[in-house]
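Data block below; observations after.
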Amino acid sequence: MNKQQALDLLHKSMQNQNLRRHCYAVGFAMKGLHEYLSEVGKTPAEDFEMWHVLGIIHDADYEITKADAAKHTVLLLEWLKESKMSENNPIYLAVMSHNNKITGLREPTTQMEWALECCDELTGFIVACALVKGGKLSEVSLETVKKKWKQKAFASGVERSQIEQCQEKLDISLDQFIEIVLKSMQENCDKLGL
């Protein structure tokens, strides 16, 4: 699956613009994380598009399955099978690991799977930070995110512990992880409406 096919799948299955923007944000974050991890020799450079594609499609079925969390990703896996994607494809396996706390299909094991696990919630947290800064990602800094991070009432639905796994699972400090994801989103702020 290439980027255009991923976008086509997303646009066909998801109409809500804010949900689409979340998927775009995770796609950009995954690109940024792949770039960093490939530069330090932790993941092959040629996997670049695969990481971006995974970020784009990771929640493609969410608008349809949001009333039944146990179906989230299960429906997406069906769509991927219908598109003739192999069950051994790294994207397919990564989708299996997404929402694993509810579906129990598969724990994350690869760098790509852990990157998705950690950055998914962070993109939402960064958007919340931007909204209190007048809706501008350009106004958000690492310091902004860290200050809000300590305020447990701020974006209380965000599982900070899920994001903090970046330190153990990806060997990236929390500050550096936030910087990578924030920069990736800021570089594409026009596509995110922020």
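The residue that is surrounded by the most Cβ atoms within 10 Å (Cβ to Cβ), counting only those in segment 149-192 that are among the hydroxyl-bearing types (Ser, Thr, Tyr) and assigned to a loop (DSSP other than H, G, I, E, B), is 173.
So, of the residues in segment 1-50 that are of a type in the set (Phe, Trp, Tyr) and touching an Asp or Glu at 6+ places or on another chain (Cβ under 9 Å), which turns out to be modelled with the highest pLDDT?
Top of the filtered list is 28.
Here residue 117 qualifies as closer than 19 Å to residue 166 by Cα and either in contact (Cβ under 8 Å) with a residue 24 or more places away in the chain or of a type in the set (Gly, Ala, Ser) (or both).
Scanning segment 1-17 for residues that are in contact with a helix residue (DSSP H, G or I) (Cβ under 6 Å, 6 or more places away or on another chain) and loosely packed, with under 12 Cβ neighbours inside 10 Å gives a single hit, 16. Considering (1) crowded, with 16+ Cβ neighbours inside 10 Å; (2) at pLDDT below 95, the lone condition that residue 77 does not fulfil carries the number (2). When the helices (runs of 4 or more DSSP H) confined to segment 1-119 are screened for residues that are more than 24 Å from residue 182 (Cα to Cα) and either within 17 Å of the chain's Cα centre (by Cα) or among the hydrophobic types (A, V, I, L, M, F, W, C) (or both), those reaching at least 1 such residues are found at 3-13, 62-65, 74-82, 90-97, 100-103.
Number of residues in segment 53-79 that are more than 16 Å from residue 6 (Cα to Cα) and small (Gly, Ala, Ser): the value is 3. Of the candidates 69, 60, 29, the single residue that is more than 21 Å from residue 190 (Cβ to Cβ), touching a residue at least 24 places away in the same chain (Cβ under 8 Å), among the small types (Gly, Ala, Ser) and crowded, with 17+ Cβ neighbours inside 10 Å is 60. Residues to consider are 42, 12, 3, 31; find the one that is over 22 Å from residue 118 (Cβ atoms) and of a type outside the set (A, V, I, L, M). So the residue among 42, 12, 3, 31 that is over 22 Å from residue 118 (Cβ atoms) and of a type outside the set (A, V, I, L, M) is 12. Condition check for residue 102 on (1) more than 19 Å from residue 38 (Cα to Cα); (2) at pLDDT 95 or above; (3) among the β-branched types (Val, Ile, Thr): one failure, at (2).
The values are calculated or read from the model by the stated rules, or taken from the named source; none is laboratory data. Small disclaimer: the values here were computed from a predicted structure and weren't measured. Note: ideal-geometry Cβ built from the backbone for every residue, glycine included; neighbour counts use all protein chains shown.
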